[in-house]
Amino acid sequence: MINGWPERDESKALLLEQIRSFSQNKIKPMAALLDESGQFPTEIIQQLASLGMMGIMVPDVWGGSGMDTVSYAMALEEIATACASTAVILSVNNSLVCGPLLTYGSNEQKKKFLIPLAKGEKMGAFALSEPGHGSDPAGLEVQAVPTSGGYLIKGTKNWITNGKEANYCITFATLDRQMGPKGICAFIVSTESKGFQVSKLENKLGICASSTAQLFFDDVFVPEDCLLGKRGEGLKIALSTLDGGRIGIASQALGIARSAFEASKKFALEREQFGAPIAKLQAIQWFIADMATRLQAARLLTWSAARSKDLGLKYTKEAAMAKLAASEAAMWITTKAIQVHGGYGYTKDYGVERNFRDAKVTEIYEGTSEIQRLVIAAQELAQK
Ligand code: CAA
């Protein structure tokens, strides 16, 4: 059992145990250093790749581990408990890159791109957002101009996780803005293509060891066989992919929150004030009780969304609920964790300050909390 959820099969239980042990023994001791230096965790990612973590839900014929989404959520939570930056690097490669290649890619595309990405030999990024289009991707401006044998991509993408390290970028561009959403296409772009450039790296509050890049496409040629799905299917591909991505970010948020929660319990039992451990104080007990409850409620929503995906049910609303609940729980829990630690929590010595900074982005990327509420409300109000 992990946190009240039965592990259904021996091999999955074994792999999760390996991930838990690797996260605690190898990743966690490096997390503060990675945060301070902003260095990409190359070696850790290679080791996680050898454990099958770059293509967790990809069937083994396509180079992955063939695990289900519930196991993916559990594995990501374990990794994020140790290091939130490492978790988002994995979440993007798994959910936002391997995910759409598996669902919409041709067999040739799977062979050429999915296998190396799922094995971790190559790294992927998802280029949807633009300087003027974050919450509203339907209005995106990057152009795909049809040319002999393919397309020329032109424009700027923003906030691209793994943008600096990616070998392939799932890139969304419009054939003609007058066509609206029906003009948007998805392309698999090699970052070695002429005209592709990492034009800026963001200096961020948290998840400092993962890159967030601005990408400039200067008439980048993309051959016809790198169109993912059909012409005009791009927005559908982007939004359905983000449904899966939101389960990944919810799991990342759970890990960040769990790290802050565990640190708070330990500190409360050790720290003495007024002649006794502060855990004896009811004010602290209430924080601990509320942290535990919010964490488990968000976890069950996340696993429920993951289970719906595994069963082939529609899970757009469930994924939005999971991300909303888990990211807001993470922000609340990490804020209270600093409060439990008092002045010590405000320093870099206990890790909860890093948890607090890392938590914030989970309320923003892959759809802000306000966007998740829009998605949930739209689905609820559409029900008869
Ligand atoms: N799955 C499949 N198709 C979907 C869908 C889904 N979940 N949601 C909508 N669609 C389809 C609709 O059916 C519709 O198609 P038709 O016209 O053929 O019916 C089309 O997409 C447009 O649908 P809507 O009118 O509902 O969409 P909208 O334009 O009103 O937008 C939105 C809705 C909820 C605001 C949506 O745009 C959204 O989720 N925005 C947030 C985007 C986001 O998460 N951005 C973050 C980018 S990634 C990132 O963070 C970077 C990173 O590297 C981590």
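The values are calculated or read from the model by the stated rules, or taken from the named source; none is laboratory data. Being a predicted model, the structure only gives us computed values, none of them experimental. Every residue, glycine as well, gets a Cβ built from its backbone with ideal geometry; the counts of neighbours run over all protein chains shown.
Tell me whether the stretch 197-204 contains one or more residues that are in contact (Cβ under 8 Å) with a residue 12 or more places away in the chain, farther than 30 Å from GLU370 by Cα and within 16 Å of the ligand (Cβ to nearest atom). No, the stretch 197-204 contains no residue that is in contact (Cβ under 8 Å) with a residue 12 or more places away in the chain, farther than 30 Å from GLU370 by Cα and within 16 Å of the ligand (Cβ to nearest atom).
Does PRO146 satisfy the condition of being surrounded by fewer than 17 Cβ atoms within 10 Å (Cβ to Cβ), within 15 Å of the ligand (Cβ to nearest atom) and at pLDDT 95 or above? No.
Taking residues in the stretch 364-377 that are more than 6 Å from the ligand (Cβ to nearest atom), and partners anywhere that are among the acidic types (Asp, Glu), the pairs with Cβ atoms closer than 6 Å and at least 6 places apart or on different chains are SER369/GLU363. The residue pairs whose first member lies in the stretch 56-74 and is charged (D, E, K, R), whose second member is part of a helix (DSSP H, G or I), and whose beta carbons are closer than 7 Å, counting only pairs six or more residues apart or on different chains, are ASP68/ASP310. Among the residues of the stretch 47-60, is any within 14 Å of LYS119 (Cα to Cα), hydroxyl-bearing (Ser, Thr, Tyr) and assigned to a helix (DSSP H, G or I)? Yes. Among the residues of the stretch 149-186, those identified as of a type in the set (A, V, I, L, M, F, W, C), buried (at least 22 other Cβ atoms within 10 Å of the Cβ) and within 16 Å of the ligand (Cβ to nearest atom) are ILE160, ALA166, CYS169, ILE170, PHE172, ALA173, ILE184, CYS185, ALA186. Being within 12 Å of ASN94 (Cβ to Cβ), among the small types (Gly, Ala, Ser) and touching a residue at least 60 places away in the same chain (Cβ under 8 Å) is the filter here; which residues of the stretch 31-55 pass it? Across the stretch 31-55, the qualifying residues are ALA49, GLY55.
Against the definition (buried (at least 16 other Cβ atoms within 10 Å of the Cβ) and at pLDDT 95 or above), how does LEU269 come out, yes or no?
Numbers: buried (at least 16 other Cβ atoms within 10 Å of the Cβ): no; at pLDDT 95 or above: yes.
Here the answer is no, as LEU269 does not meet what is asked.
Checked against (1) farther than 27 Å from LYS164 by Cα; (2) within 16 Å of the ligand (Cβ to nearest atom); (3) not charged (D, E, K, R), TRP286 passes all but a single condition, namely (2).
Could you tell me whether the stretch 291-307 includes any residue that is at pLDDT 95 or above, farther than 19 Å from GLU78 by Cα and touching a helix residue (DSSP H, G or I) at 6+ places or on another chain (Cβ under 6 Å)? No, the stretch 291-307 contains no residue that is at pLDDT 95 or above, farther than 19 Å from GLU78 by Cα and touching a helix residue (DSSP H, G or I) at 6+ places or on another chain (Cβ under 6 Å).
How about the stretch 208-250: which of its residues are of a type in the set (S, T, N, Q) and either outside any strand (DSSP E or B) or more than 10 Å from the ligand (Cβ to nearest atom) (or both)?
Our first condition is that a residue be of a type in the set (S, T, N, Q); within the stretch 208-250, this holds for 210-212, 214, 240-241.
SER210, SER211, GLN214, SER240, THR241, listed by residue number.
Filtered by the rule that a residue be acidic (Asp, Glu) and in contact with a Cys (Cβ under 8 Å, 6 or more places away or on another chain), the stretch 28-70 gives ASP35, GLU36.
It is to be established whether one or more residues within the stretch 344-359 are more than 14 Å from the ligand (Cβ to nearest atom), over 25 Å from THR212 (Cβ atoms) and of a type outside the set (Ser, Thr, Tyr). Yes, there is a match, as at least one residue in the stretch 344-359 is more than 14 Å from the ligand (Cβ to nearest atom), over 25 Å from THR212 (Cβ atoms) and of a type outside the set (Ser, Thr, Tyr). Considering (1) over 23 Å from SER91 (Cβ atoms); (2) within 16 Å of the ligand (Cβ to nearest atom), the lone condition that MET321 does not fulfil carries the number (1).
Answer yes or no: is there a residue in the stretch 167-189 that is part of a loop (DSSP other than H, G, I, E, B) and under 26 Å from LYS111 (Cα atoms).
Residues of the stretch 167-189 part of a loop (DSSP other than H, G, I, E, B): 167, 175-176.
Keeping just the survivors that are under 26 Å from LYS111 (Cα atoms) gives 167.
Looking for residues that are part of a loop (DSSP other than H, G, I, E, B) and under 26 Å from LYS111 (Cα atoms), one finds at least one in the stretch 167-189, hence yes.
I'm trying to understand the selection: among the residues of the stretch 272-312, which are in a helix (DSSP H, G or I) and among the charged types (D, E, K, R)? Can you show your working first?
If we filter the stretch 272-312 for residues that are in a helix (DSSP H, G or I), which is where we start, we get 278-280, 282-310.
LYS280, ASP290, ARG294, ARG299, ARG307, LYS309, ASP310 - these are the residues of the stretch 272-312 that are in a helix (DSSP H, G or I) and among the charged types (D, E, K, R).
Any chance the stretch 332-342 includes a residue that's surrounded by fewer than 21 Cβ atoms within 10 Å (Cβ to Cβ) and over 25 Å from ALA250 (Cβ atoms)? Within the stretch 332-342 (the criterion being surrounded by fewer than 21 Cβ atoms within 10 Å (Cβ to Cβ) and over 25 Å from ALA250 (Cβ atoms)), the answer is yes, since at least one residue qualifies. Only one of the numbered conditions (1) buried (at least 18 other Cβ atoms within 10 Å of the Cβ); (2) part of a loop (DSSP other than H, G, I, E, B) is not met by LEU205, and that is (1).
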